[in-house]
Amino acid sequence: MSIELKTETLATDKAGLEKASAILHNGGLVALPTETVYGLGGDACNGQAVAKIFEAKGRPSFNPLIAHVADLEMAQKFGAFSEDALRLAATFWPGPLTLVVPLQKNSDLSHLTSAGLNTIGLRVPAHPIASSLLRVFGKPIAAPSANLSGHISATSAEHVLADLNGRIHAIVDAGPCEVGVESTIIGFDPEPTLLRPGGLPVEVIEACIGRTLLTHIPGAAPTAPGQLSSHYAPNAIMRLNAKSVREDEILLGFGPVDGATLNLSPSADMVEAAANLFDYMHQLDGQANTIAVSPIPNTGLGLAINDRLTRAAAPR
Ligand code: TXA
Ligand code: MG
């Protein structure tokens, strides 16, 4: 995978944040400081920008990303908050706490941000620069930790650049992160559940809601992110590497193929295909018993696309 960008280091002043915001509006990637670790940010409503986040990280699979928002009001445009979720948000935001809540129905968040799930991880970071950037940008920023896949999270601009120089458009350098570990993640399904321990201690969360958190038991499923058993699975049977379409099938195309009901990318552009993947799977599901899928090369983002398709095609 060849990504060759000139990564600009931006200051934390007004001009720097306006530049960062403009890059995000144009679908570019900006590493930003948060109080926990640096995030690799892109416009959470722009599928191609989110696809580029996965490309820059070199991840071989799609896992749901945290959507960072300026405040609870912005969060509620994208997620539905139960009483417990509201209490936690009111008490600990801004701060190192991510709440995984049901996705609002008609939000314009990209399906790739939530990896096709009907829940969304939301967080209001406490770092003043993250906060200012979110206000200037005015929309949610999807951001995993700003490290290459398999590497440890970055807590300084130097760490970020060691991994991502030439792979992102810019970094806002605000020095080292205060907390240094990722946010604590709480889900509600519907009981409050600890999905990942992190910067906010479990005890204070339990004290706030007045009960013990369940702990996430992934069951037989592998615990690696992106392999969550809750991942969206279509009802239709998926037949991969289809070079032709049978009578009872519809085709999810890739590249210059004929007869596709939807085509992930007619020009075989991986970023475009990744941006469309979850949306198109949702759209085609229910239209036929079997969805045939054109072959997709296992290079670059193709690895993550094929990983997702393979799991969707696995017998259940
Ligand atoms: O402190 C943090 O949380 C940092 C900073 C940048 O905010 N971000 C971070 O993101 O650690 P990441 O992508 O490295 O880890 C996010 C985790 C992933 O393991 C993902 O599976 C989980 O959050 N996650 C996000 N949305 C989810 C959802 N809807 N359901 C279940 N898990 C979710
Ligand atoms: Mg990470």
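The values are calculated or read from the model by the stated rules, or taken from the named source; none is laboratory data. Here the structure is a predicted model, which is why all the values come from computation and not from measurement. So basically every Cβ, Gly included, is an ideal-geometry build from the backbone, and we count neighbours across all protein chains shown.
The table below gives the values:
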quantity	calculated
Selection count, segment 65-77, where residues are over 23 Å from Glu206 (Cβ atoms) and surrounded by 23 or more Cβ atoms within 10 Å (Cβ to Cβ)	4
Verdict on Gly39 being within 15 Å of ligand 2 (Cβ to nearest atom) and touching a helix residue (DSSP H, G or I) at 6+ places or on another chain (Cβ under 8 Å)	yes
Subset of segment 170-187 that is within 11 Å of Ala31 (Cα to Cα) and in contact with a strand residue (DSSP E or B) (Cβ under 6 Å, 6 or more places away or on another chain) - its residue that is surrounded by the fewest Cβ atoms within 10 Å (Cβ to Cβ)	Asp173
Segment 248-301, subset among the hydroxyl-bearing types (Ser, Thr, Tyr) and surrounded by 14 or more Cβ atoms within 10 Å (Cβ to Cβ), residue farthest from Ser61 (Cα to Cα)	Thr261
Selection from segment 131-149 of residues that are touching a Leu at 6+ places or on another chain (Cβ under 9 Å) and within 16 Å of ligand 2 (Cβ to nearest atom)	Ile141, Ala142, Ala143, Pro144, Ser145, Ala146, Asn147, Leu148
Residue in segment 136-146 that is nearest to ligand 1 (Cβ to nearest atom), counting only those that are more than 19 Å from Ile171 (Cβ to Cβ) and surrounded by fewer than 23 Cβ atoms within 10 Å (Cβ to Cβ)	Lys139
Among (1) within 17 Å of the chain's Cα centre (by Cα); (2) free of Cβ contacts under 8 Å to residues at least 12 places away in the same chain, the one test that Lys14 misses	(1)
Any chance Pro60 is surrounded by fewer than 24 Cβ atoms within 10 Å (Cβ to Cβ), more than 11 Å from ligand 1 (Cβ to nearest atom) and not small (Gly, Ala, Ser)	yes
Unique residue being hydrophobic (A, V, I, L, M, F, W, C), within 27 Å of Leu301 (Cβ to Cβ) and in contact (Cβ under 8 Å) with a residue 60 or more places away in the chain when the list is Ile186, Ile171	Ile171
Filter pass, Ile185 being of a type in the set (Val, Ile, Thr), closer than 21 Å to Phe54 by Cβ, within 16 Å of ligand 2 (Cβ to nearest atom) and in a loop (DSSP other than H, G, I, E, B)	no
Test for Glu191: is it away from ligand 2 (no atom under 11 Å from the Cβ), over 20 Å from the mean Cα position of the chain (by Cα), modelled with pLDDT under 95 and not aliphatic (A, V, I, L, M)	yes
Residue count, segment 75-113 (criterion: among the small types (Gly, Ala, Ser) and touching a strand residue (DSSP E or B) at 6+ places or on another chain (Cβ under 7 Å))	6
Meets criteria (at negative phi, within 12 Å of ligand 1 (Cβ to nearest atom) and either touching a helix residue (DSSP H, G or I) at 6+ places or on another chain (Cβ under 8 Å) or of a type outside the set (D, E, K, R) (or both)) for Ala115	no
Qualifying position, being buried (at least 21 other Cβ atoms within 10 Å of the Cβ) and at pLDDT 95 or above, among Ala130, Ala126	Ala130
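Okay, residues lined up against (1) more than 10 Å from ligand 1 (Cβ to nearest atom); (2) in contact with a helix residue (DSSP H, G or I) (Cβ under 9 Å, 6 or more places away or on another chain); (3) of a type in the set (Val, Ile, Thr):
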residue	(1), (2), (3)
Ser131	yes, no, no
Cys177	no, no, no
Pro192	yes, yes, no
Pro201	yes, no, no
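For every residue, the table says whether it meets (1) under 19 Å from the mean Cα position of the chain (by Cα); (2) of a type in the set (D, E, K, R).
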| residue | (1), (2) |
| --- | --- |
| Leu117 | yes, no |
| Arg123 | yes, yes |
| Pro128 | no, no |
| Gly138 | yes, no |
| Ala142 | yes, no |
| Thr155 | no, no |
| His159 | no, no |
| His169 | yes, no |
